[in-house]
Amino acid sequence: MARKLAAGNWKMNGSLAALAEVDALIGDLDGGCEVLLCPPATLIAPMAARATGSALMVGAQTCHPATSGAHTGDLSAAMLAEAGATHIITGHSERRTDHGETDGDVAAQTQAVLDAGLIAIVCVGETEAERDAAVTLNVISTQLAGSIPEGAAPAQIVVAYEPVWAIGTGRTPTLDQIADVHAHIREELSERLGAAQADHIPLLYGGSVKPGNAAEIFGVQHVDGALVGGASLKAADFGPIAAALAAS
Ligand code: PGA
C-alpha cells in the first residue's frame, strides 16, 4: 500500500497574510494522511516556519535542473530545500504549457529533486483533444516514461494524474475514467520498477477536487491522494479534503 498524501498547489496565489490559513489547517490535521502545501517560492520559508512542530509539510511548484549557475530568476532544488521544502512538483501542465517544458525537461528537474534528497511529485495528464481522440493512455505512458528519470528511487517519487481539461474548470472525469488511468499508471510503474516498488508510489488525482467530490474520488482503486489547486487555498476547503483522505 502506498502512503496517502493530500497535496495543495497554491500556484501564483497567496501572500504573507494568507498564512493565517496554515494555522487553521494545522489545527484540523488528524494525522490520518500526509498533508503538503506548495505555496509560491516566496512563501516557502515563512510557511515552513509556521508549520514547525506540526504534521504539515511544505513544498515547491518547480525547480531548475541545475544546482547553481547563471540562470536568472530560477531556483535550484537545494535552494528550495534550504527554504524548507520537502517536495517539489515537476511537470505541472501549466509549466508544460506556459514554459514549454518537455518530458525531457521534466525528467531533468525530477532528477534534480531526487539529487537534493527531496520527493518529486511528477504530473502527467491528457488534454481534452487527446481524450476525445481516445489516446489518453498512450499520452500517459509517454509522459511517464519520459518524465521519470532512469534509476529514480521509488521512495522519492509521487505521480499525479491531472487531466488538463479538469484543472481549474470544475469538470472532473468519471470515477471509471480515473480508475482506468490510475490502474494504467500503476501497471506501467510495475513494469518498470517491479510491483513491490510500484505499489508504494502514491498516485494522486488532480483537477477540480473539492470537499464535495473528494470522498468518492478517494474511494477509487489506486487513488492514494489528491493534488489540489483552488480548493487548497482555504483551510475550510482543504481541511475537509485531507479529512476525507484520512477516512478513506
Ligand atoms: P484545481 O487545480 O484543483 O484548481 O483544478 C489542480 C492542479 O492544477 O493541481
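Brief remarks on what is shown
- Expressed as a whole percent, the accessible area of the chain that falls on carbon and sulfur atoms is 54 (1.4 Å probe).
- Between Asp98, Asp237, Asp74, the Gaussian network model of the chain with springs among Cα atoms under 10 angstrom shows the greatest mean-square fluctuation at Asp98.
- Between Asp23 and Ala215, the simple label model (points 7 Å from Cα in the Cβ direction) yields a spacing of 3.1 nm.
- Selection among Gly230, Ile89, Val139 by position relative to the dipole of the chain gives Gly230 as farthest towards the positive end (Cβ unit charges, Cα centre).
- Sites listed here are trypsin sites (Lys or Arg not before Pro) in region 140-233 whose DSSP assignment is loop and whose Cβ has at most 16 other Cβ atoms within 10 Å: Arg171.
- Interchain or long-range residues, amide H under 5 Å from Thr90's placed H: Ile121, Val122, Cys123
- If you wrap the Cα atoms of the chain in a convex hull and average its projected area over all directions, you get 12.1 nm².
- MRE, 222 nm, helices only [DSSP H, n ≥ 4, -39500 (n - 2.57), over the chain, to nearest 500]: -12000 deg cm²/dmol
- For region 5-247: accessible area per residue (Å², 1.4 Å): 41 Å²
- Counting heavy atoms of the protein chains alone, His99 has an accessible area of about 110 Å² for a 1.4 Å probe.
- Of Gly146, Gly31, Gly125, the one that fluctuates the most in a GNM where the chain has Cα springs shorter than 10 Å: Gly31
- Taking every protein chain into account, the 1.4 Å probe leaves Lys4 with about 50 Å² of accessible area, to the nearest ten.
- Relative contact order [Cα under 8 Å, 6+ residues apart], the chain, whole percent: 23 percent
- Debye log10 I(q)/I(0) for region 70-111, one point scatterer per Cα, at q = 0.17, 0.21, 0.26, 0.30 Å⁻¹: -0.51, -0.77, -1.04, -1.13
- With the whole protein complex present, Thr72 retains an accessible surface near 140 Å², based on a 1.4 Å probe.
The values are calculated or read from the model by the stated rules, or taken from the named source; none is laboratory data. The model shown is predicted, which means the values in this text are computed figures rather than measured ones. Backbone-built Cβ (ideal geometry, glycine too); neighbour counts: all protein chains shown. Quick note on the areas: whole protein, heavy atoms, side chains included, nothing else; ligands and nucleic acids left out. Shrake-Rupley method; radii C 1.70, N 1.55, O 1.52, S 1.80 Å.
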